[in-house]
Amino acid sequence: MLYFLLRNQIVRLFFALVLTAFPPLVSAHPEDELCLPGESFLDPALCEELMALDRPGDNRSRVVTPMRDDSGELLGVSQTLTIFIGEGVDHILPGGLDHILFVLALFLGSTTSRSLVIQISVFTLAHTITLGLAATGVISPPSDIVEPLIALSIALVAIENLFFKKPPRWRPIVIFLFGLLHGLGFAGFFGELGLPEGQFWSALIGFNIGVEIGQLSVIILAIAVLSVWRWRNNIEYTDVVYRRFMILPGSLLIGATGSWWAMERVFLN
């Protein structure tokens, strides 16, 4: 059973890479020639289903909000910015559980405010780069590869917290690389939104701002929960206590979740 799961996943990844490297193959649609009006060589119902795969919209893209105001005018820069800030926040809270867990793993692995700021800044820089590149069409990696790697990045950062009492010197480099992956995950959601005509950059900037607001909200909430926990249990804060009761169990739970997601996205999807 495991052999067949591995074989099928390898085949899927191979064809995903081929289609990414040779995009003309993706745009080759034989139904365009076989389903001509009055000259169809295929069943009409089958032709309709084949051509539906080519039509944008339907089930694969959605317009979250109208791109024109009540008077029919195109939305302005400030309106677009506001709308997509909200979309960015919504993607993190509550929809982006994988990104939430990654940020929490960074929080648990930060022993000082300085290390937390550095890690979050590096992560932000990295995912901003790939979000921009993917949104503009410069890169287009398949989600079958990106999503399992995102889950694996969550697990690895959390597991690293279990073995190192302080963030190792290579941690910012690792976070930057993982941040590039998460940016591709953000781009997948961003690409599904109905983008306003002539307002691509304001939409992209607004979405990215919303993502950052969502991430900062997660950190602030984590700090608040930690403060309440210390106050209610009247616990004297020390590095040993924090590591025993917060870092170790929290990282173990996040690591297990990320590992399960990685296996699920590879073998069960």
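The values are calculated or read from the model by the stated rules, or taken from the named source; none is laboratory data. Everything numeric in this text was worked out from a predicted model, so none of it was measured. Cβ coordinates were reconstructed from backbone atoms using ideal geometry, including for glycine residues, and neighbour counts include every protein chain displayed.
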Exercise. Which of the residues that make up segment 117-142 are at pLDDT 90 or above, over 25 Å from residue 198 (Cα atoms) and out of contact with any Leu (no Cβ under 7 Å at 6 or more places or on another chain)?
Worked result: 117, 118, 121, 122, 124, 125
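Select, from 149, 177, 184, the only residue that is hydrophobic (A, V, I, L, M, F, W, C) and either surrounded by fewer than 16 Cβ atoms within 10 Å (Cβ to Cβ) or part of a loop (DSSP other than H, G, I, E, B) (or both). Break it down stepwise before answering.
Values: 149 fails: either surrounded by fewer than 16 Cβ atoms within 10 Å (Cβ to Cβ) or part of a loop (DSSP other than H, G, I, E, B) (or both); 184 fails: either surrounded by fewer than 16 Cβ atoms within 10 Å (Cβ to Cβ) or part of a loop (DSSP other than H, G, I, E, B) (or both).
177 is the lone residue from the list that is hydrophobic (A, V, I, L, M, F, W, C) and either surrounded by fewer than 16 Cβ atoms within 10 Å (Cβ to Cβ) or part of a loop (DSSP other than H, G, I, E, B) (or both).
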For this session: Output the residue which, of all residues in segment 228-269 that are in a helix (DSSP H, G or I) and surrounded by fewer than 11 Cβ atoms within 10 Å (Cβ to Cβ), is modelled with the lowest pLDDT.
Result: 233
